[in-house]
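Working notes, beginning with the structure itself.
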Protein chains: 2
Amino acid sequence: MPNPTIKNVAVVGTGIIGRSWIYVFSRVGCQTKVYDKDRSQLEKNITWFHETLRQDVLDGFSTPQEAEDIRSRVSGHTDLKGALSEAMYIQESVPERLEIKKAIFAEMDRLAHSSAIIASSSSGLDINEIAAGLPGMHRCILAHPYNPPYVIPAVEILPTRKASAEQTARAVDFLKSIGQVPVQMNFYAKGFLGNRIQYAIVREAIHLAESGIADVQAIDDVMCHGLGLRYALLGNFGVNNTNADGGIREYYNRFKDAYREGIGDLNCAVPSFSPDMIDRVAKGTEAMVGKASVKELCRWRDRLIRKICALKEKDPHP
Amino acid sequence: MPNPTIKNVAVVGTGIIGRSWIYVFSRVGCQTKVYDKDRSQLEKNITWFHETLRQDVLDGFSTPQEAEDIRSRVSGHTDLKGALSEAMYIQESVPERLEIKKAIFAEMDRLAHSSAIIASSSSGLDINEIAAGLPGMHRCILAHPYNPPYVIPAVEILPTRKASAEQTARAVDFLKSIGQVPVQMNFYAKGFLGNRIQYAIVREAIHLAESGIADVQAIDDVMCHGLGLRYALLGNFGVNNTNADGGIREYYNRFKDAYREGIGDLNCAVPSFSPDMIDRVAKGTEAMVGKASVKELCRWRDRLIRKICALKEKDPHP
């Protein structure tokens, strides 16, 4: 059972990322105050959280008693001051626009406990811009989750340039203590780490489909029945390290010419994302997916990922 | 239990790919004749196969009786004619050089049963060049596995331009019947599908490490504790389809500007793979991996992948 290093947290903003954070914190024992200025939005997403808890009981991920305990740790608030009153870790997930993020950060910095950590879920903005000029800029940090964070452990971390190592460690240690995997960046890059890798995959996958080399189903099959099975366990360098008996040095030395040639052959054009392109790729995807709804697919994905994570926990990386 | 549509097969060449194919065929009930012109190479790799069987009994993947049955279906041969005498499907895995592949294909085409399928494991050559000019070019096909094929189901398929749909279907149906996932390409592209996607990932991962945005461990963590968990279940388009309630159309329409911008920001330079670059990346990888040997890591990877595949079999894509 996780033992969170911080017991009182706040979730600010309840979109699809914010509402998932409610679950991340409350299930490990944190008292979780949830803020949204819009009462109907707040209620809708707390209802979503309750439904997710119910579904998890049905799927055997928790007992009814555990679900009730988790539920009891969460309260909804439409006043920010009340929501932040006891929080020592605040996770912001308001809409992804710089002026909105800046405004809520200014307010949070003014209202929060002076040593509370204020983390942003932003997937694309620079935390140094979001927190620019705030008295508490040093305690602001980027903590970008992958969707949904109660299923996917990775959280990308970027401290502001005013942060101390101690403050960053406090945020990182807290996220580790609740079972997430904080992944630290050294400076800002558009798309951070994971989305940059995803951009590279999207570009080549669309190129393969658009150039007619293979259809959508084949491109996806080679990932989910091939490459992707390894990436659930090892990252790029870990995979390369297991591709030769002598590890990554032998592998790169042996295949460096093939890699230089192969990488040089990749198409670097940016896909158009024109209506026609989207339509072609979407038709291929719809033909592949068949009748399953996005909701069913997501539920399946999340159920299986949790089981994969449980396998890894039981039999961890040597 | 799989029911192979072809009962007699041959494995030609016993490197790390060839020896894995022995297991793929024999475990589903195929009589498997294994050819290598070099007797010591042949014996070494049949010994590897026996050891893998033993390890699988220890790991609970098969019973001693099953392992004995699998073992009994395999015989080693140093004469090609004898090895091919009954085979209706032949999987070639000799070294990856065009002149070597061409020579063995000419011999196999001459010696094999006239309606046997002759498949190449080549990871980079064009089957149309390997089989160019052969009387039996129509029955030659590329069937490129991912390593190791007894763990990773995906097999990339490219028929020659002389193949008939019926011949391709016969090869595809056989691979499906033994539990592999054939992935069909429409024409040759350097790196086929999976390695092209892997090239794109390697390029961006090395760029992230070399530019100092993050260290090797962070880049790998975002994959194996983030993106990669999804790719074990869904390919690029399947993931994109589950990223918005309205599926891939909504997702691409909503995020097309972010994608165009993000993809446009990727570095397209080809990594140098210079001794210094390899050394830096290898040091990061070695620091990440710690004391585990490549052999231990591979055994862990393969054990876990088989369990992930079993989860997917039990609870398949809706």
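The values are calculated or read from the model by the stated rules, or taken from the named source; none is laboratory data. Owing to the predicted nature of the structure, the values given are computational and were not obtained by experimental measurement. In this analysis, Cβ positions are derived from the backbone assuming ideal geometry, glycine residues included, and neighbour counts consider all displayed protein chains. Only protein heavy atoms, including side chains, enter the accessible area calculation; ligands, DNA and RNA are left aside. Shrake-Rupley method; radii C 1.70, N 1.55, O 1.52, S 1.80 Å.
Could you tell me how many of the residues in segment B:44-59 are outside any helix (DSSP H, G or I) and touching a Ser or Thr at 6+ places or on another chain (Cβ under 9 Å)?
So the answer is 0.
Tally up the residues in segment B:172-188 that are open to solvent by 10 Å² or more (accessible area, probe 1.4 Å) and either among the small types (Gly, Ala, Ser) or within 7 Å of chain A (Cβ to nearest Cβ) (or both), please.
6
Which of the numbered conditions does B:ALA244 fail, given that it passes all the others? Conditions: (1) modelled with pLDDT under 95; (2) open to solvent by 20 Å² or more (accessible area, probe 1.4 Å).
All conditions pass for B:ALA244, except number (2).
What are the residues in segment B:281-302 that are farther than 25 Å from B:ARG196 by Cβ, charged (D, E, K, R), in a helix (DSSP H, G or I) and more than 7 Å from chain A (Cβ to nearest Cβ), if any?
B:LYS283, B:GLU286, B:LYS295, B:ARG299, listed by residue number.
Any chance you could count how many residues in segment B:216-238 are aliphatic (A, V, I, L, M) and under 12 Å from A:ILE197 (Cβ atoms)?
5
Under 7 Å between Cβ atoms, which residue pairs at least 6 apart in sequence (or on different chains) link something in segment A:69-89 that is in contact (Cβ under 8 Å) with a residue 60 or more places away in the chain with a partner that is part of a helix (DSSP H, G or I)?
From residues that are in contact (Cβ under 8 Å) with a residue 60 or more places away in the chain, the pairs are A:LEU80/A:GLU107; A:LEU80/A:LEU111; A:LEU84/A:MET108; A:LEU84/A:LEU111; A:TYR89/A:PHE174.
From the residues in segment A:112-149 that are within 13 Å of another protein chain (Cβ to nearest Cβ) and among the hydroxyl-bearing types (Ser, Thr, Tyr), which one is farthest from A:LYS102 (Cα to Cα)?
A:TYR146
Just a yes or no: is a residue in segment B:259-276 more than 17 Å from A:GLY284 (Cα to Cα), touching a residue at least 24 places away in the same chain (Cβ under 8 Å), charged (D, E, K, R) and more than 7 Å from chain A (Cβ to nearest Cβ)?
Among the residues of segment B:259-276, not one is more than 17 Å from A:GLY284 (Cα to Cα), touching a residue at least 24 places away in the same chain (Cβ under 8 Å), charged (D, E, K, R) and more than 7 Å from chain A (Cβ to nearest Cβ), which makes the answer no.
Taking only segment B:1-25 into account, find how many residues are of a type in the set (Gly, Ala, Ser) and crowded, with 24+ Cβ neighbours inside 10 Å.
3
Looking at the structure I just gave you, is B:ARG254 modelled with pLDDT under 95 and out of contact with any helix residue (DSSP H, G or I) (no Cβ under 9 Å at 6 or more places or on another chain)?
Taking the combined requirement at face value, the residue satisfies it.
Go through (1) assigned to a loop (DSSP other than H, G, I, E, B); (2) within 20 Å of A:PRO4 (Cβ to Cβ) and name the single condition A:GLU66 misses.
(1)
Report yes if some residue within segment A:197-208 is open to solvent by 10 Å² or more (accessible area, probe 1.4 Å), in a loop (DSSP other than H, G, I, E, B) and not small (Gly, Ala, Ser); otherwise report no.
Among the residues of segment A:197-208, not one is open to solvent by 10 Å² or more (accessible area, probe 1.4 Å), in a loop (DSSP other than H, G, I, E, B) and not small (Gly, Ala, Ser), which makes the answer no.
What strands (runs of 3 or more DSSP E), lying completely within segment B:72-165, carry at least 3 residues that are modelled with pLDDT of 95 or more and buried (at least 21 other Cβ atoms within 10 Å of the Cβ)?
Counting at least 3 such residues, we get B:89-92, B:117-120, B:140-145, B:154-159.
Please tell me if A:GLN184 is farther than 17 Å from B:ARG230 by Cα and within 17 Å of the chain's Cα centre (by Cα).
Judged against the criteria, A:GLN184 is a match.
Could you list, in sequence order, the residues of segment B:255-294 that are surrounded by 13 or more Cβ atoms within 10 Å (Cβ to Cβ) and either among the hydroxyl-bearing types (Ser, Thr, Tyr) or in contact with a strand residue (DSSP E or B) (Cβ under 8 Å, 6 or more places away or on another chain) (or both)?
B:TYR259, B:SER272, B:THR285
Can you tell me which residue among B:PHE174, B:PHE187 is over 25 Å from A:ALA200 (Cβ atoms) and either at pLDDT 95 or above or of a type in the set (Ser, Thr, Tyr) (or both)?
B:PHE174
I'd like to know if segment A:170-177 contains one or more residues that are farther than 30 Å from A:SER26 by Cα and not aromatic (Phe, Trp, Tyr).
No, segment A:170-177 contains no residue that is farther than 30 Å from A:SER26 by Cα and not aromatic (Phe, Trp, Tyr).
Tally time: how many residues in segment A:1-43 are touching a residue at least 12 places away in the same chain (Cβ under 8 Å) and not in a loop (DSSP other than H, G, I, E, B)?
Within segment A:1-43, residues that are touching a residue at least 12 places away in the same chain (Cβ under 8 Å) and not in a loop (DSSP other than H, G, I, E, B) number 25.
Tell me, please, whether a residue that is within 27 Å of A:ASP276 (Cα to Cα), crowded, with 19+ Cβ neighbours inside 10 Å and within 7 Å of chain A (Cβ to nearest Cβ) can be found in segment B:211-228.
No: segment B:211-228 contains no residue that is within 27 Å of A:ASP276 (Cα to Cα), crowded, with 19+ Cβ neighbours inside 10 Å and within 7 Å of chain A (Cβ to nearest Cβ).
Of (1) at pLDDT 95 or above; (2) facing another protein chain (nearest Cβ under 7 Å); (3) farther than 30 Å from B:LYS256 by Cα, A:VAL239 satisfies all except one. Which?
In the conditions (1) at pLDDT 95 or above; (2) facing another protein chain (nearest Cβ under 7 Å); (3) farther than 30 Å from B:LYS256 by Cα, A:VAL239 misses (2) alone.
What pairs come up if the first residue lies in segment A:215-227 and is in contact (Cβ under 8 Å) with a residue 24 or more places away in the chain and closer than 14 Å to B:LEU158 by Cβ, the second is among the small types (Gly, Ala, Ser) and open to solvent by 10 Å² or more (accessible area, probe 1.4 Å), and their beta carbons are under 7 Å apart, counting only those six or more places apart or on different chains?
A:ASP215/A:ALA209; A:ASP215/A:GLY284
Criterion first (closer than 15 Å to A:TYR199 by Cα and more than 7 Å from chain A (Cβ to nearest Cβ)) does B:PHE255 satisfy it?
yes
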